[in-house]
Amino acid sequence: MIDCIFCKIAEKKIPAAIVRESGSVMVIKDISPQSPTHLLIIPKKHYATIMDCEDKELLGELLQTAREIAKELGLSERGFRTVINTNAEGGQTVFHLHMHFMAGRALAGRMG
Ligand code: AMP
Ligand code: ZN
């Protein structure tokens, strides 16, 4: 069994602020938010990075989930940012695929 924090959250072995959950995807609040709304959209199945996931349906579900959250939170027009960090130079720190959903303030135009 790999020692992975997001797998443990998916298995309810450690707590998290889960805001939404489907059969294959969960959405939690980031523990160290960088914007007023900072969520993580996470497949329940373990993929270390996006490069390890060839499941097109699941990858689509991550984006679809972002759209649904934006609608639910009334952020479609104001705007939001979705980010997937990948490996060292991409700034990935947790090696279980996840997409950041950030909103609630004007985010800096510079990406990195
Ligand atoms: P990344 O740098 O793209 O790998 O992002 C990892 C994110 O996971 C960071 O924004 C962390 O604040 C967040 N994070 C780490 N541990 C937890 C946790 N237990 N619950 C919620 N978010 C977490
Ligand atoms: Zn994992």
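Coordinate-derived values only; no laboratory data. Keep in mind that this is a model prediction, so the values were computed, not measured. Don't worry about glycine lacking a Cβ; one is built from the backbone with ideal geometry, like all the others, and counts go over all protein chains shown.
How far is the Cα center of the stretch 89-105 from the Cα center of the stretch 1-59, in Å?
Result: 10 Å between the Cα centres.
Output ³J(HN,Hα) for the stretch 64-71: one whole-Hz value per residue in order, computed from phi by the Karplus curve 6.51 cos²θ - 1.76 cosθ + 1.60 with θ = phi - 60°, and x for Gly and Pro.
Karplus-based 3J(HN,Hα) across the stretch 64-71 equals 4, 4, 4, 4, 5, 4, 4, 5 Hz.
Of Gly60, Gly91, Pro33, which is farthest towards the positive pole of the chain's charge dipole, taken about the Cα centre with +1 and -1 on the beta-carbons of Lys, Arg and Asp, Glu respectively?
After comparing all options, I get Pro33.
Taking the Cα centre of the chain as origin and charging only Cβ (+1 Lys, Arg; -1 Asp, Glu), how large is the dipole, in debye to the nearest 20?
The calculation lands at about 380 debye.
Give the list, by residue number, of cysteines in the chain with no other Cys Cβ closer than 4.7 Å, or say none.
So, Cys53.
What Rg and what Dmax come out for the chain when only alpha-carbon atoms are used, in angstroms?
Gyration radius and largest Cα-Cα distance of the chain: 13.6, 42 Å.
Using θ = phi - 60° and the Karplus curve 6.51 cos²θ - 1.76 cosθ + 1.60, what whole-Hz ³J(HN,Hα) does each residue of the stretch 41-58 get, with Gly and Pro shown as x?
9, 10, x, 5, 6, 7, 10, 4, 9, 4, 5, 9, 10, 10, 7, 4, 5, 5
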